[in-house]
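One structure is given below, encoded as structure tokens.
Taken together, the values in this text are just the output of simple stated rules run on the coordinates, not laboratory data. Small disclaimer: the values here were computed from a predicted structure and weren't measured. So basically every Cβ, Gly included, is an ideal-geometry build from the backbone, and we count neighbours across all protein chains shown.
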Amino acid sequence: MLAAIGQLAAVFVGIPSLIYLAVQIREQTKERRQSAVNALTVQWGDLTRALHENADFTAIYLRGVQSFHDLDAVSKLRFSAFQNRFFKNFEGMYTPIARAYLLLSYGVRLNGR
């Protein structure tokens, strides 16, 4: 009888603990997702700042978009480095969206919806 009471007490203590743990994990996931969005926003701001704060680089960028082959070696390097950062930033934004789309297309439910 005493063992049954002990097991019942363990259930009453264990279930709320599991619920609390699940809630904490869910909140942590939301915070991590928001942190990733904030990081991408900062990266995007840094990326565009190079265009609107540096007139020399803006001219290089425009010439590179029109004709990459006409740029000198240093300008090609600067343009290529910028484009690499630009595409990496978009990749960071696109990958989570594509993953969510694929999960939804296969019928996996996201966020309890």
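Structural remarks
- Against the chain, whose longest principal axis comes from its Cα atoms, helix 73-105 is set at around 30 degrees.
- Sequence-separation-based contact order of the chain, relative, with Cα cut under 8 Å and 6+ spacing, percent: 17 percent
- With Cα atoms, 0 to 90° folded angle of helix 2-53 axis to the chain main axis: 10 degrees
- Inter-part distance where region 50-89 and region 7-32 are each reduced to a Cα centre, Å: 51 Å
- For q = 0.10, 0.16, 0.17, 0.19 Å⁻¹, Debye-computed log10 I/I(0) when each Cα of the chain counts as one equal scatterer: -0.57, -0.90, -0.94, -1.02
- Percentage of interatomic Cα-Cα distances in region 1-45 larger than 14 Å: 67 percent
- Three principal axis extents of region 19-61 based on alpha-carbon atoms, in descending order, are 57, 12, 6 Å.
- Each stretch of four or more DSSP H residues adds -39500 (n - 2.57); spread over every residue of the chain, this sum gives -31000 deg cm²/dmol at 222 nm.
- Note on ILE15 and THR95: the model spin-label points, each 7 Å out from Cα along the C-beta direction, lie 4.1 nm apart.
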